[in-house]
1. Answer yes if at least one residue in the range 32-44 is under 13 Å from L293 (Cβ atoms), part of a strand (DSSP E or B) and touching a residue at least 40 places away in the same chain (Cβ under 8 Å), and no otherwise.
2. May I ask you to verify whether P20 is open to solvent by 20 Å² or more (accessible area, probe 1.4 Å), within 16 Å of ligand 1 (Cβ to nearest atom) and out of contact with any Pro (no Cβ under 7 Å at 6 or more places or on another chain)?
3. Considering each residue of the range 260-272, count those that are more than 14 Å from the chain's Cα centre (by Cα) and aliphatic (A, V, I, L, M), and give that number.
4. One residue is enough: does the range 69-77 have a residue meeting the conditions more than 10 Å from ligand 2 (Cβ to nearest atom) and more than 16 Å from the chain's Cα centre (by Cα)?
5. Conditions first: (1) without any contact (Cβ under 8 Å) to a residue 60 or more places away in the chain; (2) open to solvent by less than 30 Å² (accessible area, probe 1.4 Å). L248 passes all but one, so which condition is the exception?
6. Would you confirm whether any residue within the range 251-271 is surrounded by fewer than 17 Cβ atoms within 10 Å (Cβ to Cβ), over 30 Å from S86 (Cα atoms) and in contact (Cβ under 8 Å) with a residue 12 or more places away in the chain?
7. Give the range 76-95 a look and list any residue that's within 16 Å of ligand 1 (Cβ to nearest atom) and touching a strand residue (DSSP E or B) at 6+ places or on another chain (Cβ under 8 Å), or say none.
8. Which of the numbered conditions does A110 fail, given that it passes all the others? Conditions: (1) over 30 Å from D276 (Cα atoms); (2) away from ligand 2 (no atom under 16 Å from the Cβ).
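The values are calculated or read from the model by the stated rules, or taken from the named source; none is laboratory data. Here the structure is a predicted model, which means the values were calculated and not measured. Ideal geometry is used to build each Cβ from the backbone, glycine not excepted, and the neighbour counts take in all protein chains shown. For the accessible areas, the whole protein counts, side chains as well, though only heavy atoms, and no ligand, DNA or RNA atoms are used. Shrake-Rupley method; radii C 1.70, N 1.55, O 1.52, S 1.80 Å.
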Amino acid sequence: MRAAILHGPEDLRVEDVPEPEGEVIVEVHAATTCGTDVKMWRYGHRVLGPYPCAFGHETAGVRVDTGERVLVSDSVACGTCRQCASGRPQICRAPTWVLGGFAERIAAPAAALHLIPDGLPAHAAAMAEPLAAAVHAVRRASGSGSDAADVGVVGGGPMGLMLTSLLVAQGRNVTVADPHAERRAQAEQLGATASEEHLTTLHELVFEAVGRPEAWRAAAAATAPGGVVVLVGGCPTGTEVSFQTGPLHYEELELRGSFHHSPEEVDEALIALAADETLWRTLRGPTISLEELPDALGARGGGPAKKPVVDPRA
Ligand SMILES: [Zn+2]
Ligand SMILES: [Zn+2]
């Protein structure tokens, strides 16, 4: 079968590879791309195996054995480590990663599969993987006076807009800060107020959705005393970020990391996508072939927040 295989930094090749082997084989109909793919392509990533490696983690398709439409979640938690035992599978210490969506077929453990609701297209269902991480981030904000009516979001990329959509649905007033006019327009379409560059007023709850040190600091700087910052965007491994100690100590500012999602959050994301098409229509990018993927990864940057969809059958 044909697959896009990562051979090294910025070395992605479409080639014929042996059929995948595993518990369930899924024929891929849509694999969406995201900022993490760009990071993986450019710098490598700790969840990738040694080169050459399979690639692509937002995958939807059809089970070859049953014909059911499924989302292939990108990980299965071990279920036995201390973090799993305490109900936090998203930070499992020994997960099985399920990568390889940029291919005609992918093998997955049955535990990674989620049925796609009727009527939800595969390209939209694939977005349930990142949307589940947004569902998780909103959950990480709960408690500790953070049920704020006014919420700030730093970054209007796909993750920032996913957070915006969920927070607006909760009835909150959301302000999104992003330097790109197109992304501010998308945030406004989703019901938020948009601000150029920085959040100009303090919020009790702020989500960071960029993944750069300056954005982490900007999120903390825009948070009111006693407030909560949820750090959603991952910086490259090894990055150090410095914060003023004053707000953390004298204002009891809370910095909370948010990573990944649980299986229940994936199902919640699928239900949200099926219930309201506004978000996935806003984020839908062009449908491309496997061969067009390297150029699509290299071309990402400013402009509107869009998620190109790889259809390996194209
Ligand atoms: Zn992703
Ligand atoms: Zn575990």
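1. yes
2. Taking the combined requirement at face value, the residue does not satisfy it.
3. 2
4. yes
5. (2)
6. no
7. Across the range 76-95, the qualifying residue is only P95.
8. So the condition that A110 fails would be (1).
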